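The values are calculated or read from the model by the stated rules, or taken from the named source; none is laboratory data. Predicted model, so just to flag it, every value in this text is computed and none were measured. No Cβ is skipped: glycine too gets one built from the backbone with ideal geometry, and neighbour counts run over all protein chains shown. Surface accessibility is based on the protein's heavy atoms, side chains included, excluding ligands, DNA and RNA. Shrake-Rupley method; radii C 1.70, N 1.55, O 1.52, S 1.80 Å.
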Amino acid sequence: MASAADNPMKRPAAQSAALSVVPAKQARTAGELIQHGGSANNKRLVSAGPSRTSSLHAPIMLLTGHEGEIYCGKFSPTGSILATAGYERKIFLWTVYDECENLAVLTGHGGAILELKFTTDGETLVSAASDKTAALWDLEAGLRIKRLKGHEKLINSVDVVRRGPQLLCTGSDDGTIRLWDRRVRGHTHSFDSGNAVTSVAFGDTGELVYSGGIDNSIQAWDLRRSACTMRLRGHSDTVTGLALSPDGNYLLSNGMDASLRVWDIRPYAPQDRCLKILSGHRHSFEQNLLRCAWQPDGRRVTCGSSDRFVYVWDCASRQVVYKLPGHTGSVNETHFHPKEPIIMSVGSDKKVYLGEIEP
């Protein structure tokens, strides 16, 4: 018999609260952090600082409540909601503005959650976990509406197509990349890369899927031909993160070789597709899957680092424009707000930071 968590029908919010919503600790503002152990004068210094660039409640917000390492975090397409998850198998939903209150905690995975993605309409959240499954969550109801099973080992990564049919792709330690249509049961395509897959990303039109793994290369899989049509070589260690540029012409990759690379994936690009190599961040013995992301206008890119800093580069100059402190553990994922100059970071120190930057 199907459980309530697997029922694809939406539930009223009141009913979902009794099923899966658990309160978390309230977020703190940067002002409160400074006041702790200090004086009221310290708090006034915050308000007298540089002019504000965003609608955040304070220039820096610290969100607390996770009890385990946080591996992933994403803003919703509207920028009003933030989702975070990690080792403790729970997904935390937060408001981005005002006091950054915790809206809900979604439960159901049996293993650590390794990546999160919102669908383009912002109504559904997709998660990939070490319990060999991916899941779709209805955010309005706070319930899991679909569970994707089929991988034989843990799922490291998931992505959602930007347009067209409601397709998802997943990459797993079993060496396969699987395509899923949320309207049907089971996967629709499966590609065997031959090695553990640690990151996946759709191309702009959804006809290609890019995968990176422990063989240090990036492969492009053509859904129409059901074959690998391109291989990007350059990293000298595992590829831990992939992100498609806002215009769909470039692919950003992060590797355990401590390099961030920008690739030209246009159809008639030169054979040497690696355009830029960015450096400064670090990977460590922890071998966490450090993700990467583009700013919505494509001018900057960001990724986490094992040295506890958040790195932001200017794409044109290839220079580090921000090296942001605050975390006391590895920064596992960073993400730009879709509409405002705000950057989010999550880390192994169980903390979530929101901070405003220059436009």
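Amide hydrogen proximity for residue 282: with H placed 1.01 Å from N in the peptide plane, the residues at 5 or more positions away or on another chain lying under 5 Å are 306, 307.
Between 61, 230, 256, the GNM of the chain built on Cα springs shorter than 10 angstrom shows 230 fluctuating the most.
For the stretch 60-356, the share of accessible area belonging to carbon and sulfur comes to 46 percent (1.4 Å probe, ligands and nucleic acids excluded). Net charge in the neighbourhood of residue 328 (other residues with Cβ under 10 Å of its Cβ; Lys, Arg +1, Asp, Glu -1) is +2. Under 5 Å between amide hydrogens, built in the peptide plane, is the criterion, and for residue 198 it picks out 212, 213, 214 among residues at least 5 positions away or on other chains. When each of the peptides 322-328, 141-147 is scored by the mean number of other C-beta atoms lying within 10 Å of its residues, the order from highest to lowest reads 141-147, 322-328.
In this simple spin-label model, placing a label point 7 Å from the Cα along the Cα-to-Cβ direction at both residue 268 and residue 319 gives a separation of 3.6 nm. The string of couplings for the stretch 322-334 from the Karplus curve (6.51, -1.76, 1.60, θ = phi - 60°) is 9, 10, 9, x, x, 6, 10, x, 3, 8, 8, 8, 10 Hz, one whole number per residue in order, with x for Gly and Pro.
Any of 117/323; 149/276; 90/339; 149/339; 149/323 with alpha carbons more than 32 Å apart? Name them for me.
Check vs 32 Å cut-off fails for 149/276; 149/339; 149/323.
Rolling a 1.4 Å probe over the protein heavy atoms leaves residue 87 with an accessible area of roughly 150 Å².
Could you do me a favour and compute the accessible area per residue for the chain, 1.4 Å probe, result in Å²?
That works out to 44 Å² for each residue.
Here is the size of the chain from its Cα atoms: Rg then Dmax, 19.7, 65 Å.
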